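Please treat every number below as a calculation from the coordinates, not as lab data. Values in this document were obtained by computation on a predicted structure and should not be read as measured data. Neighbour counts run over all protein chains shown; Cβ positions are idealised from the backbone, glycine included.
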Amino acid sequence: MNCATKIETFRLRRERVLDAMTARGGGVAVQPTAPERLRNRDSEYPFRFDSHFFYLSGFEEPDSVIVLIAHGSDRRSVLFCRERNEEREIWEGHRHGPAAARDRFGFDAAFPIAQLDEEMPKLIADAPALFYPLGSDAALDGQVQRWLGAVRAAARTGQRAPAQAIDLHAIVDEMRLIKDALEIATMRRAGEISAAAHVRAMRTCRPGLREYHLEAELLHEFRSRGAQAPAYNAIVAAGKNSCVLHYRAADAQLQADELCLIDAGCELDGYASDVTRTFPVGGRFSAAQREVYEVVLAAQHAAFAQVRPGNDFNAPHDAAVRVLAQGLLDLGLLEGSLDAALESGSYRQFYMHRTGHWLGLDVHDVGDYRAPGEVSANGSARPWRNLAPGMMLTVEPGLYLRPAANVPEHFQNIGVRIEDDVLVTQDGSAVLTAAAPTAVDDIEALMRG
């Protein structure tokens, strides 16, 4: 996708927000990017823009704010950003500056960020409402109060402060739930990179390595293929560690008779991928490992079949849970009937998380999982949202067999999760991370090769 098309994509997103503001009576919207953060003393964490800000701009510099104006005939998008500074650019790299940023990113106007507090009272004066991320940042809340105070202080001139505050994120979150062509193309590539990284880890794996050796292979593949960073802290968990859902240590030695669970995905141009594979360190599943793995894989396939337009978000989870619960009964890890296991929730001893989440600029992306609307008068939850083309979600069933009185020794410390990134299409779904194998025979063949 060429540069002009990308600029137009971001401009159209801002236009949609302006339309939504107009439908609510108009006003002024404010969306800052994320602040820079110190890691230690004078060393900063790598800067990562705010996802909502980037979604509306494509602009990656810190110290930036988007202002959208939909007030009567005044309809504009404005960017506040850093000025050019030759001395700082020697140390920190290129800055666009307001004029170049305005033209490069398709804004109607741009100002130096140092003028924000001066300009904002002028922009919000007499506006019906102020749209901003309510309660998301104490510093922004303080700025807003100062701007409102400045307008109220000028009341004798006939100016009025906005009488209403509306959560901007509630508007943008709904937009972000349906991915456009640029997002889908980026996430498809991110999925390909992450799948290749998992393949690399399987090929590299051998007994005696440490978990962090495989983590290093993942990071190498991410960067060598153009991804900017991991989308989250990678989980590389061998043996009993595979039963710890958010395992972090990554320093255990890999043993030949263990499984290794890797949950890792790259971030490409702001967009996350999220992939999990489980494989035998020694290259061949034991009988018990294979039995458990096949149950989880069958659960994932059952969930995939439910990812289609018109089905609700919970349908893949329900399908996966039925297969997992029946598998646990077949393995002798649960007793009774399937209906009893589902009703009592006894399967939760071995499966304690949901089967997926939204995916996008954030790993756990924005968007309500329930249908829009108010809670019913009797307090019951809103129904699950129906899936629609353009939605992106993960499908990630798992089983975690920690030592317990009802777990035979040969099943203990087996943790399996299989996770893929799935796009809802017009007639079903597409798995974007399928290049990393999941079938037992394919995994074993890859590791032998």
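General observations
- Taking all Cα-Cα distances within the range 191-290, those exceeding 18 Å account for 41%.
- Available extension along the chain between D137 and L38 is 33.9 nm, counting 0.36 nm per residue and deducting the alpha carbon span.
- Kirkwood Rh in Å, taken over all unlike Cα pairs in the range 29-121: 14.0
- In this structure the amide hydrogen of F111, modeled in the peptide plane, comes within under 5 Å of the amide hydrogens of L79, F80, C81, none closer than 5 places in sequence on its chain.
- Computed over the Cα atoms of the range 257-302, pair by distinct pair, the Kirkwood hydrodynamic radius stands at 12.2 angstrom.
- Vicinal HN-Hα couplings computed from phi for the range 77-85 (Karplus, 6.51 cos²θ - 1.76 cosθ + 1.60; Hz; Gly/Pro x): 10, 10, 10, 9, 8, 6, 7, 4, 8
- Estimated vicinal HN-Hα couplings, Hz - the range 165-172 in sequence order (Karplus 6.51, -1.76, 1.60; Gly, Pro = x): 10, 10, 6, 5, 5, 4, 6, 5
- Amide hydrogen neighbours beyond the local backbone of R210, cut-off 5 Å, H modeled: L254
- Considering only Q412, I90, A302, the residue lying farthest towards the positive end of the dipole of the chain is I90, judged by Cα position with unit charges set on Cβ.
- At R0 = 41 Å, FRET efficiency that the Cβ-Cβ distance of D108 and A371 yields, to 0.05: 0.70
- Rounded to the nearest 20 debye, the dipole size of the chain about its Cα centre is 520 debye, using +1 on the Cβ of Lys and Arg and -1 on the Cβ of Asp and Glu.
- Applying D = kT/(6 pi eta Rh) to the range 217-266, where Rh is the Kirkwood radius over alpha-carbon pairs, T corresponds to 4 °C and eta to 1.567 mPa s, the Stokes-Einstein value obtained is 111 µm²/s.
- For the chain, built as a Gaussian network whose Cα springs stay under 10 Å, the top-fluctuating residue of L219, L324, L338: L338
- In plain terms, the chain from N233 to R248 could stretch by 4.6 nm, reckoned as 0.36 nm per residue minus the Cα-Cα distance.
- Under the simplified labelling scheme, the E92-E8 pair shows an inter-label distance of 3.4 nm, with each label point 7 Å from Cα along Cα→Cβ.
- Fewest-first ranking of S337, S346, S273, S57, using other Cβ atoms within 10 Å as the exposure measure: S337, S346, S57, S273
- With Cα atoms, 0 to 90° folded angle of helix 138-153 axis to the chain main axis: 20
- Top positive-direction residue, dipole computed over the chain with Cβ charges, set A23, G270, A234: A23
- Between S286 and A340, the FRET efficiency estimated from the beta carbon spacing at R0 = 22 angstrom works out to 0.15.
- Helical mean residue ellipticity (222 nm; -39500 (n - 2.57) per DSSP H run of 4+; nearest 500) of the chain: -12000 deg cm²/dmol
- In a reduced charge model with +1 at each Lys and Arg Cβ and -1 at each Asp and Glu Cβ, the range 345-410 shows a dipole moment near 200 debye about its Cα centre.
- Interchain or long-range residues, amide H under 5 Å from I166's placed H: L130, F131, Y132
- Interatomic Cα distance distribution for the range 1-56, bins of 5 angstrom, percent: 4, 15, 16, 18, 16, 12, 9, 7, 3, 1
- Cα-based convex hull, the range 3-176, per residue volume (Å³, whole number): 132
- In degrees, nearest ten, helix 287-305 long axis to first principal axis of the chain (Cα): 40
- The range 326-437: proportion of alpha-carbon pairs further apart than 18 angstrom, %: 65
- DSSP beta bridges fully contained in the range 3-176 are about 60 percent antiparallel.
- Equivalent ellipsoid, the chain (semi-axes from 5 times Cα gyration tensor eigenvalues, Å): 46, 26, 19
- In order through the range 22-31: 3J(HN,Hα) via Karplus (6.51 cos²θ - 1.76 cosθ + 1.60), integer Hz, x for Gly, Pro: 4, 5, 9, x, x, x, 10, 10, 10, 9
- Residues L297, L261, arranged from fewest to most other Cβ atoms within 10 angstrom of their Cβ, appear as L297, L261.
- Taking the fewest neighbouring Cβ atoms within 10 Å as the starting point, the ordered list for Y351, Y45, Y212, Y232 is Y45, Y212, Y232, Y351.
- Taking every alpha-carbon pair under 8 Å whose residues sit at least 6 apart, the chain reaches a relative contact order of 13 percent.
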